[in-house]
1. GNM, the chain, Cα, under 10 Å: largest mean-square fluctuation among 81, 103, 55?
2. Does anyone have the angle between helix 65-79 and the longest principal axis of the chain? Alpha-carbon axes, 0 to 90°, nearest 10?
3. At 222 nm, what helix-only mean residue ellipticity would the chain give, in deg cm²/dmol to the nearest 500, using -39500 (n - 2.57) for each DSSP H run of four or more?
4. Gaussian network model of the chain, Cα springs within a sub-10 Å range: biggest mean-square fluctuation belongs to which of 56, 28, 76?
5. Going by alpha carbons, how many degrees (0 to 90, nearest 10) lie between the helix axis of 34-52 and the longest principal axis of the chain?
6. Return the single residue from 78, 25, 90 with maximal mean-square fluctuation; model: Gaussian network over the chain, springs between Cα atoms under 10 Å.
7. Rounded if a/c is under 1.5, else prolate if a/b is larger than b/c, else oblate: which is the chain, with a ≥ b ≥ c the root eigenvalues of its Cα gyration tensor?
8. Rounded to the nearest 10 degrees, what's the angle between the helix 86-103 long axis and the longest principal axis of the chain, both from Cα atoms, 0 to 90?
């Protein structure tokens with residue numbers, strides 16, 4: 001599940017730009033391609049989860065507005081397949097820096113921390129039936 005949806009992208013970016021960036025498959029329909037937009041948001045969410053899972057249990061029950069904005073910023077940059085303008089690249093890099101600050105506990109996003117459980121340790125045990133063959137039974141072969 002993405003942190004942002006189509007409506008969030010439409011609030012932040014011009015509809016004409018979203019059409020140009022998502023209507024990439026023939027036949028062109030001159031409208032936002034929901035599949036392309038949803039994939040960009042999903043890809044951005046996966047990247048964000050890599051930063052957030054260090055500090056929070058995922059999925060988050062409540063998504064702060066900051067994460068919605070970061071999700072849109074990353075997805076919008078990813079929609080620029082032929083290279084994004086400098087302004088969009090800078091916003092993308094700032095979004096990654098912000099995620100790093102969240103991960104490193106230098107920026108509070110207003111939700112309770114849910115530390116991931118440490119890896120369980122211990123020994124490995126196997127059980128199975130008694131041995132059928134041994135060195136003695138295979139001695140004559």
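Just so it is clear, none of the values below were taken in a lab; they were calculated from the coordinates. Worth saying up front: this structure is predicted, and the values here are computed from it rather than measured.
1. The residue that fluctuates most here is 81.
2. The angle comes out near 90 degrees.
3. After summing the helix terms and dividing by residue count, I get -15000 deg cm²/dmol.
4. So, out of 56, 28, 76, the one fluctuating most is 28.
5. 60
6. 25
7. It comes out prolate by the Cα gyration axes.
8. 40
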